[in-house]
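These notes are about the structure you will find just below.
Taken together, the values in this text are just the output of simple stated rules run on the coordinates, not laboratory data. Please read all numbers here as calculations on a predicted model, not as lab measurements. Positions of Cβ are generated from backbone atoms using ideal geometry, with glycine treated the same way; all protein chains shown enter the neighbour counts.
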Amino acid sequence: DSGVTQTPKHLITATGQRVTLRCSPRSGDLSVYWYQQSLDQGLQFLIQYYNGEERAKGNILERFSAQQFPDLHSELNLSSLELGDSALYFCASSSRDRVFAHYGYTFGSGTRLTVV
Amino acid sequence: GNSVTQMEGPVTLSEEAFLTINCTYTATGYPSLFWYVQYPGEGLQLLLKATKADDKGSNKGFEATYRKETTSFHLEKGSVQVSDSAVYFCALRGGAQKLVFGQGTRLTINP
């Protein structure tokens with residue numbers, strides 16, 4: 001167990017629907033990162049939050065949004081889902097922000113989203 | 001911007017063979033470099049890391065040396081096992097927060 005908890009593990013939904021993926025970071029970690037892993041795009045950075053504030057944005061679609069709550073858990077909201085959104089969505093956390101770049105991340109086991 | 005290029009897979013080897021997975025990077029400044037491993041059905045796990053030039057990261061028999069002159073961080077293991085079958089990702093982290101990953105290399109070890 002890495003300490004980063006993601007729920008649900010699997011999600012199957014229809015096109016046009018909206019889903020929410022949840023991530024609880026490792027205890028003490030303030031930064032949460034979301035990544036999308038698909039067969040054709042590899043691992044793509046979506047967005048980062050640090051202590052409740054958005055810090056960096058990557059290749060995140062406008063249909064997607066995220067937030068980090070006061071208890072530091074984060075949710076990734078995916079709306080108007082398309083078939084191409086089917087992927088593994090990973091959350092990661094780290095204990096430092098920009099200064100300590102030699103820290104790696106701790107990843108959760110991911111949420112597998114299938115859009116049918 | 002920062003980028004990582006890994007050797008394309010899939011790579012298939014026999015047990016006890018020598019493994020090299022090439023990784024080169026483009027970055028400004030002095031990034032930290034990482035190798036992550038993803039076993040089937042699981043998330044990514046940090047395998048090893050190096051934070052400055054000439055550092056050698058090692059773990060579970062795997063090694064990688066941070067070579068600034070060739071901007072490389074190749075992963076090596078002297079004798080692979082079936083249990084090493086997984087997808088391996090090279091990554092860098094620069095002054096900004098996010099990790100930038102290579103495309104991943106799928107490794108299969110046959111008994």
For the stretch A:1-67, what D do you get in µm² per second when you plug the Kirkwood radius from alpha-carbon pairs into Stokes-Einstein at 10 °C and 1.306 mPa s?
118 µm²/s
Long-range share for the stretch B:44-85, i.e. C-alpha pairs more than 11 Å apart as a percent of all pairs, stands at 66 percent
So which of B:Lys52/B:Lys77; B:Lys68/B:Lys98; A:Lys57/B:Lys52; B:Lys49/B:Lys98; A:Lys9/B:Lys77; B:Lys49/B:Lys77 end up more than 23 Å apart by C-alpha?
A:Lys57/B:Lys52; A:Lys9/B:Lys77
Translational diffusion coefficient (Stokes-Einstein; Kirkwood radius from C-alpha pairs) of the stretch B:17-111 at 25 °C, 0.890 mPa s, in µm²/s:
182 µm²/s
Distance between the C-alpha centers of the stretch B:1-71 and the stretch A:1-31? Whole Å please.
27 Å
Averaged over residues of B:40-49, the number of beta carbons from other chains lying within 10 Å of each residue's Cβ is 5
Once the other residues with Cβ under 13 Å from the Cβ of A:Gly42 are scored (Lys, Arg +1; Asp, Glu -1), what is the net sum?
-1
Please give me the summed charge of the neighbours of B:Asn2: other residues whose Cβ is under 10 Å from its Cβ, Lys and Arg +1, Asp and Glu -1.
+2
In cubic angstrom per residue, the convex hull of the protein assembly as shown built on its Cα atoms measures 118 Å³
Please compute the Cα-Cα pair-distance distribution of chain A with 10 Å bins starting at 0, giving whole percents from short to long.
15, 50, 29, 6, 0
I want the local charge near B:Phe18. Using Cβ-Cβ distances under 9 Å, sum +1 for each Lys or Arg and -1 for each Asp or Glu among the other residues.
-1
Karplus couplings for the stretch B:52-62 from phi (6.51 cos²θ - 1.76 cosθ + 1.60, θ = phi - 60°), rounded to Hz, Gly and Pro as x?
8, 4, 6, 5, 10, x, 8, 5, 6, x, 8
